[in-house]
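Written out below as structure tokens is the structure these notes cover.
Taken together, the values in this text are just the output of simple stated rules run on the coordinates, not laboratory data. Just so we're clear, the structure is a prediction, and the values are computed from it rather than from any experiment. Every residue, glycine as well, gets a Cβ built from its backbone with ideal geometry; the counts of neighbours run over all protein chains shown.
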């Protein structure tokens with residue numbers, strides 16, 4: 001049995017001098033990546049229209065545009081293979097195209113065109129540059145639309161996005177200040193000892209909870225000012241009520 005005296009030095013030497021078996025595995029893996037023609041998720045062939053091969057920048061997985069569009073929500077997309085999250089994404093088209101797969105795909109299209117007596121159909125470099133320009137223009141339009149339509153509402157929870165942190169939902173409620181806020185705002189502003197912060201994601205009926213919280217705040221304000229808080233049913237006055245008030249006051253009869 002071989003005893004390794006210095007494991008760190010041993011693994012360092014192994015990484016600098018990989019074995020032939022390890023190199024063979026690396027070559028097979030790289031070959032699969034280069035020759036990848038289908039999306040790992042839907043198993044459909046990549047194309048130059050709606051199934052461009054795009055790279056998720058946090059994990060490196062390549063998935064077609066059509067599949068990624070199904071996972072795109074609120075300027076975010078989560079990798080369906082490893083669940084890593086990409087934030088602050090204006091659109092799916094902002095994700096980089098896998099140049100290796102796209103160039104190989106373009107070469108096959110041009111080769112097929114030349115075999116039928118035609119010319120090259122796609123210039124890979126020009127096509128990628130045009131795609132980058134179009135995605136930048138589209139992202140700018142999306143930002144302008146978001147600014148005009150602000151505040152946005154999260155379709156899943158029905159809560160608004162934070163006006164200071166556009167990618168975060170205001171799903172926290174401060175019982176002291178009676179305001180909703182995102183996680184960053186709650187940690188920066190509502191971390192005092194007398195602040196009680198509630199996570200609205202844990203509340204089953206959020207509108208009912210907020211109504212009760214605002215109503216309780218109104219009652220407390222009236223009590224602090226020595227004002228009697230009247231229920232909604234007693235706030236409906238009419239002319240008969242006013243006449244009764246005048247009739248009870250003797251000093252007002254002579255007026």
Least to most buried among 196, 63 (fewest other Cβ within 10 Å first): 196, 63
Ranked list, fewest to most other Cβ atoms within 10 Å of each Cβ, for 76, 54, 168: 76, 168, 54
Semi-axis lengths, Å, segment 44-109, gyration tensor of Cα atoms, sqrt of 5 times eigenvalues: 21, 11, 10
R0 of 22 Å, Cβ-Cβ distance residue 133-residue 91: FRET efficiency to nearest 0.05: 0.95
Residues 180, 130, sorted so that the one with the fewest Cβ neighbours within 10 Å comes first: 130, 180
